[in-house]
Amino acid sequence: MHSVIIVEGKHDKERLSPLVNAETVILCTYGIPTHDHLMELKTTIGDAQVYIFTDHDRAGRRIRGILNEEFPDAVHLHTKAEYGGVENTPLVYLTHILERYELLAETNERHM
């Protein structure tokens, strides 16, 4: 595992999974993470590069803040407010974000 993208839920994960490269793992918080879940995430992630990609709403900002405390060196990925959340973000926009951070699968790079 080279890098980890932390998202809020399974629909976000389903949206991103076909786009990311093989070295990237997507993990979910499934809402506001508990202390135990945060510790589990830290153990799973180890020293991999962390990317936080939460929705552009109140809950997403709260989750981002909690994750930022546990992973202060994480890179923050953002979607536009007009999309509402990761799962509703157009694939072309997600592709550009993932490409910028070298997280995009090669098969997706060819189709841009």
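Laboratory data are not the source of any read-out in this text; all were calculated from the coordinates shown. Predicted, not measured: the structure shown is a model, and the values here were computed from it. Virtual Cβ from ideal backbone geometry, glycine too; neighbours counted across all protein chains shown.
Before moving on, here are some points about what is shown:
- The chain, helix-only ellipticity at 222 nm - DSSP H runs n ≥ 4, -39,500 (n - 2.57), divided by all residues, nearest 500: -11500 deg cm²/dmol
- Our coupling estimate for the range 24-29, obtained by passing each phi through the Karplus curve with A = 6.51, B = -1.76, C = 1.60 and θ = phi - 60°, is 10, 10, 10, 10, 10, 8 Hz, Gly and Pro reported as x.
- Residues whose amide H comes within less than 5 Å of that of Ile5, counting only those at least five positions distant or on another chain, are Val25, Ile26, Leu27, Tyr51 (H built at 1.01 Å from N in the peptide plane).
- For the chain, the longest principal axis of the Cα atoms and the long axis of helix 35-45 meet at an angle of about 50 degrees.
- Compared with the direct C-alpha span, the chain from Tyr101 to Asp47 gains 17.7 nm at full extension, assuming 0.36 nm per residue.
- Relative contact order (percent, whole number), the range 3-109, Cα cutoff 8 Å, 6+ residue spacing: 32
- Only the Cβ atoms of Lys and Arg (+1) and of Asp and Glu (-1) were treated as charged; on that basis the dipole of the chain about its Cα centre amounts to roughly 280 debye.
- Over all pairs of different C-alpha atoms in the chain, the reciprocal of the mean inverse distance, the Kirkwood hydrodynamic radius, equals 14.0 Å.
- Cα long-axis angle, helix 58-70 against the chain (0 to 90 degrees, to the nearest 10): 70
- Residue-wise HN-Hα couplings along the range 82-93, as the Karplus relation 6.51 cos²θ - 1.76 cosθ + 1.60 with θ = phi - 60° gives them from phi, are 5, 7, x, x, 4, 5, 9, 6, x, 4, 4, 5 Hz; Gly and Pro carry x.
- Pairs of alpha carbons in the range 36-92 separated by more than 13 Å make up 62% of all such pairs.
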